[in-house]
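The values are calculated or read from the model by the stated rules, or taken from the named source; none is laboratory data. Nothing here was measured: the structure is a model prediction, and the numbers come from that model. Cβ atoms come from the backbone with ideal geometry, glycine included; neighbour counts cover every protein chain shown. Ligands, DNA and RNA are stripped out before the accessible areas are found, and what is left, the full protein with its side chains, is counted by its heavy atoms. Shrake-Rupley method; radii C 1.70, N 1.55, O 1.52, S 1.80 Å.
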Amino acid sequence: MSLSRILIATALTGAVALPALAQESNPAVNARQGHMQVLALNLGVVGNMARGNTDYDPEAAQAAADNLLMMSQINQRFYWPEGTDSESIEGTRALPSIWEEGSRVMEISAELAAASEGLAAVAGDGLDAMRSALGPVGGACGACHDDYRASN
């Protein structure tokens, strides 16, 4: 096969494959999953310090807590369009109950913001202060995951 035929075949394959890939990727799902990954990364930093898996570092603890606070204050309204739940599309663990009447997602989000504010206020003030303020952050994360996230 000549080089020009290989290039044409490659281009045609790409032209067919790209629309299929575009349909699988959802910007709202990508954004919310990225948001959750940033939260998890920063929660892991302070969580590992609290469990004694890493040494307490006041500057790192404060930076992670500040990041959690900032992320908890982002308005997530565009992350959650209907039809982006685990029963409607692949690649998400968001349960359909998020969109049901009486969902507590926004309340839990507000709880996370308040807990993150408390953590950010003391994270650099010592391991004990950080540990005591970390519980409510984990509690808010867990409350949402328990009710609104499918298990692996």
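Only residues that are open to solvent by 20 Å² or more (accessible area, probe 1.4 Å), within 15 Å of L68 (Cβ to Cβ) and in contact (Cβ under 8 Å) with a residue 12 or more places away in the chain: list them for the stretch 136-152, please.
Within the stretch 136-152, P136, G138, G139, C141, C144 meet the criteria.
Would it be correct to say that A20 is modelled with pLDDT of 95 or more, aliphatic (A, V, I, L, M) and part of a helix (DSSP H, G or I)?
It is false that A20 is modelled with pLDDT of 95 or more, aliphatic (A, V, I, L, M) and part of a helix (DSSP H, G or I).
Since M71 meets every condition but one in (1) modelled with pLDDT under 95; (2) closer than 21 Å to V29 by Cβ, which condition does it not meet?
Of the numbered conditions (1) modelled with pLDDT under 95; (2) closer than 21 Å to V29 by Cβ, the odd one out for M71 is (1).
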